[in-house]
Amino acid sequence: MKHSDPPLKETINNTSDTNFIRQEIEKDLQTNRYDSRVHTRFPPEPSGYLHIGHAKAICISFGIAEDYGGLYNLRFDDSNPLTEESEYVEAIKRDVRWLGFDWKDREYHASDYFETLYAYAVNLIEKGKAYVCDLTPDEMRTYRGTLVAPGTNSPYRDRSVEENLVLFQGMRDGEFPDGSRTLRAKIDMSSPNLNMRDPVMYRVLRAHHYRHGDNWCIYPTYDFTHGQSDSIEGITHSLCDVNFEDHRPLYDWFLEALEIYQPRQIEFARLNLTYTVLGKRKLRVLVEGGHVRGWDDPRMPTLAGMRRRGYTPESIRDFCNRIGVSKADNLIEMGQLEYSIRDNLNRRAPRVMAVLDPVKVIINNYPEGQVEMFDAENNPEDENAGTRKIPFSREIYIEREDFMEDPPRKFFRLAPGREVRLKHAYYIQCERVVKDENTGEIVEIHCTYDPETRGGWSEDGRRVRGTLHWVSTEHAVDAEVRLYDSLFTEREPESAAEGEDWIQFLNPDSLEILNNCKVEPSLVDAPPESRYQFLRMGYFCVDSDTTSEKLVFNRTVPLRDSWAKIQRGQK
RNA sequence: AGGGCGGUGGCCAAGCGGUAAGGCACAGGUCUUUGGCACCUGCAUGCGUAGGUUCGAAUCCUACCCGCCCUGCCA
């Protein structure tokens, strides 16, 4: 029988083509419910920076629109002037663009619909479906009832249409103090769904809106803004997180009462990640409490932080595709994210040599003053990546952890009498070590090299188990390297036991700064955000703190380390 | 406790009455001038629990258990 090649394995590594939202959309497409259109939107409130959870939402909404040949809008949900700022609008646009999505000219602001929304409100008043209420916030809470007890009708519920019209106009005209009156939808105070117990549509609030200044002193609530904004923009599928499931009946009620075009809201589970917190309020606490350096601190799960850390937009989109979409609560392991960034960087990051914790190696039989230039491949995963020259000389630095005086089993690196390969250079053998008289710390390792192994090969078939990275001392460039560990020590910091504060689970060792690192000279002018693989050490990204005086790198993620695993097993 | 939504291997997630996809993680192994990458192998007689319907159930029915969300004039 003829030998045949193994069958090609179909590698489908995501489930984005089969999630329940897509199934619903396909049904709508088949029944022609929305005229065969698919039009989605991503509606952030400009009150903070986008995080990886938003990336999931963006990938779902925009990704679906792209895949079905539809359109997607970027809409700022800015109906609360108290929390919103232009700075955030710009940051959000930067991050969405960075992720690789282009909303073209479809940038909208819910606040631009304020006039229309006001007219909608008047329309509901005229239909007898909305009324001005004078209850105070406390009273309103009491009248609302509880989860198990029905509410009570407001004493202002039966005001006449005429009176409501006059009062609502008065609200807009600034005749009433903040918080003194609201416009409410007249629905059902005994509904088991609390959102339907005459929800507030408008509040009196004298606050400066970042976009409309002091033009308004009444502002519509989320519930009276969102569905109508979707309707106005011709959205077909309004995708949001499960938090809004209970709001869907209200979303539908307003659109039906208004008798305007009605999109469909579909909810999915929001993302949770181990060893971090997601959610704007909490991230804000970290920033304002000084627990991190800012929204773009490389430890933050914000897109700005991840960008600075060295994450690529491709890796984030890959991650979002891999985790799938469902309605079940989830807690995705960091390892999943790390897999996506390693996979992406493996293919695109140029390899360079950098010694983070240097110890000097002197090659005694190498001619003093001699310098050789070796060719080093830039990326074994990319044949088009080419090569670069790296200088070699009599004195080099190697990683301190790559030498052990008394090596355990399976240690393949340098040790007394042992021979190892210096990547791209020569085989060297350790002859002796010099220690500091006082501390006992190794300060020099003396070796000899084999001139017959130039480039790292030998003709005699001799095998060496270890290959070390190195940097020539006289050519080395100094650098600062920042290593990151998880922001929290708990897998699920937000599930802090009662009475405990999640902030106490912050990892005191989430940042480690290495000041004495030596990198190969090709990196002198590496620009911020450029990414590299430091051979055998991990993926690193030039930080924006870099100056012409000092290079600063962030470790994006370490390489997988099976030696560390062996060591753990030996203990 | 009223309502809503969920419960498939350590973490995600397909499955839509015909006999448990895939990914991450993990464990072995091959290869290797990165202890990286790649490649190979293994990893749920089981789908919250208990009954029932059926030739056949993760999929249908009944009851129960567990988890999350909802009592802002936030979104």
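Below are the figures for this structure:
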quantity	calculated
Relative contact order [Cα under 8 Å, 6+ residues apart], chain A, whole percent	12 percent
Computed magnitude of the charge dipole of chain A (debye, nearest 20; Cβ of K, R +1, Cβ of D, E -1)	1200 debye
Amide hydrogen neighbours beyond the local backbone of A:Val433, cut-off 5 Å, H modeled	A:His446
Value at 222 nm in deg cm²/dmol, rounded to 500, when DSSP H runs of n ≥ 4 in chain A each add -39,500 (n - 2.57)	-7500 deg cm²/dmol
Where no second cysteine Cβ lies under 4.7 Å, the cysteines concerned in chain A	A:Cys133, A:Cys217, A:Cys240, A:Cys430, A:Cys447, A:Cys517, A:Cys541
Cβ-derived FRET efficiency at R0 60 Å, A:Glu459 paired with A:Glu288, nearest 0.05	0.40
Net charge dipole size for segment A:8-135 [Lys, Arg +1 and Asp, Glu -1 on Cβ; Debye, nearest 20]	460 debye
Relative contact order, percent, segment A:327-419 [alpha-carbon distance under 8 Å, six or more residues apart]	26 percent
Principal axis box of segment A:292-421, alpha-carbon based, largest edge first, Å	66, 38, 32
Volume of the Cα convex hull of chain A, divided per residue and given in Å³	231 Å³
Only Lys, Arg (+1) and Asp, Glu (-1) charged, at Cβ; segment A:423-557 dipole about Cα centre in debye	860 debye
Exceeding the 29 Å Cα-Cα cut-off - candidates A:Lys423/A:Lys550; A:Lys27/A:Lys56; A:Lys56/A:Lys104; A:Lys104/A:Lys127; A:Lys27/A:Lys280	A:Lys104/A:Lys127; A:Lys27/A:Lys280
Normalised contact order of segment A:491-571, rounded percent, pairs of Cα under 8 Å and 6 or more residues apart	16 percent
Candidates per chymotrypsin sites (Phe, Trp or Tyr not before Pro) in segment A:228-304, loop by DSSP, up to 16 other Cβ within 10 Å	A:Tyr261
Centroid-to-centroid separation of segment A:490-543 and segment A:360-387 [C-alpha atoms, Å]	28 Å
Antiparallel bridges, percent of DSSP beta bridges restricted to chain A (to nearest 5)	70 percent
Nonlocal amide H pairs with A:Asp297, under 5 Å, H built at 1.01 Å	none
Globularity index of segment A:461-571, i.e. its alpha-carbon radius of gyration over 2.2 N^0.38 Å	1.39
Accessible surface of A:Ser562 - all protein chains present, 1.4 Å probe, nearest 10 Å²	80 Å²
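The values are calculated or read from the model by the stated rules, or taken from the named source; none is laboratory data. Just so you know, these numbers come straight off a predicted model, no measurement behind them. Here the Cβ is made from the backbone with ideal geometry for all residues, glycine too, and neighbour counts use every protein chain on show. Please note that ligands, DNA and RNA were not included when accessible areas were found on the heavy atoms of the full protein model with its side chains. Shrake-Rupley method; radii C 1.70, N 1.55, O 1.52, S 1.80 Å.
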